[in-house]
1. Does Val6 satisfy being in contact with a Leu (Cβ under 9 Å, 6 or more places away or on another chain), modelled with pLDDT under 85 and among the aliphatic types (A, V, I, L, M)?
2. Just need a number here: residues in segment 55-68 that are open to solvent by 100 Å² or more (accessible area, probe 1.4 Å) and polar (S, T, N, Q).
3. Mind listing whichever residues of segment 55-69 are assigned to a helix (DSSP H, G or I) and modelled with pLDDT of 85 or more?
4. If you go through segment 21-41 one residue at a time, how many are of a type in the set (Asp, Glu) and in contact with a Ser or Thr (Cβ under 8 Å, 6 or more places away or on another chain)?
Amino acid sequence: MLETCVSAPRDRSLDGVRMELHDCIEKRRSIRHYLPKEVPLEMLGEIMEHARLAPSAGNAQNWRFVIVTD
C-alpha cells in the first residue's frame with residue numbers, strides 16, 4: 001500500500017495517528033486563523049523530531065528551526 005504520512009515510533013504519543021498518503025493529499029487544507037491556545041512544549045519537541053527526520057537533498061540535513069512561543 002502507499003506510504004503513510006505520519007509514522008510515529010511506537011513509544012511516542014502520536015502512536016496510532018496515521019494517514020494514508022492519498023488521504024493526506026486529498027484532505028489537506030490551508031489554515032490562516034489560529035486559536036489562542038498554547039502548544040505544549042512536549043508536542044513541539046515531537047513535531048521538531050519528526051521534521052528533523054524528513055528527507056533532504058543529498059542527505060545534507062542542514063535544518064534550522066525557530067520556535068516562537070509568544
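1. Criteria met by Val6.
2. 2
3. Taking segment 55-69 and keeping what is assigned to a helix (DSSP H, G or I), we get 57-59.
The answer is Ala57, Gly58.
4. Total meeting the criteria: 1.
Residues checked against (1) open to solvent by less than 100 Å² (accessible area, probe 1.4 Å); (2) of a type in the set (A, V, I, L, M); (3) modelled with pLDDT of 85 or more:
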{"site": "Met1", "(1), (2), (3)": "no, yes, no"}
{"site": "Asp11", "(1), (2), (3)": "no, no, no"}
{"site": "Cys24", "(1), (2), (3)": "yes, no, no"}
{"site": "Leu35", "(1), (2), (3)": "no, yes, yes"}
{"site": "Glu38", "(1), (2), (3)": "no, no, yes"}
{"site": "Leu53", "(1), (2), (3)": "no, yes, yes"}
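The values are calculated or read from the model by the stated rules, or taken from the named source; none is laboratory data. Note that the structure is a prediction, hence the values are computed from the model and not measured. Using ideal geometry, Cβ is built from the backbone for each residue, glycine included, and neighbour counts are taken over all protein chains shown. To get the accessible areas, we keep the full protein, side chains included, count just its heavy atoms, and leave off ligands, DNA and RNA. Shrake-Rupley method; radii C 1.70, N 1.55, O 1.52, S 1.80 Å.
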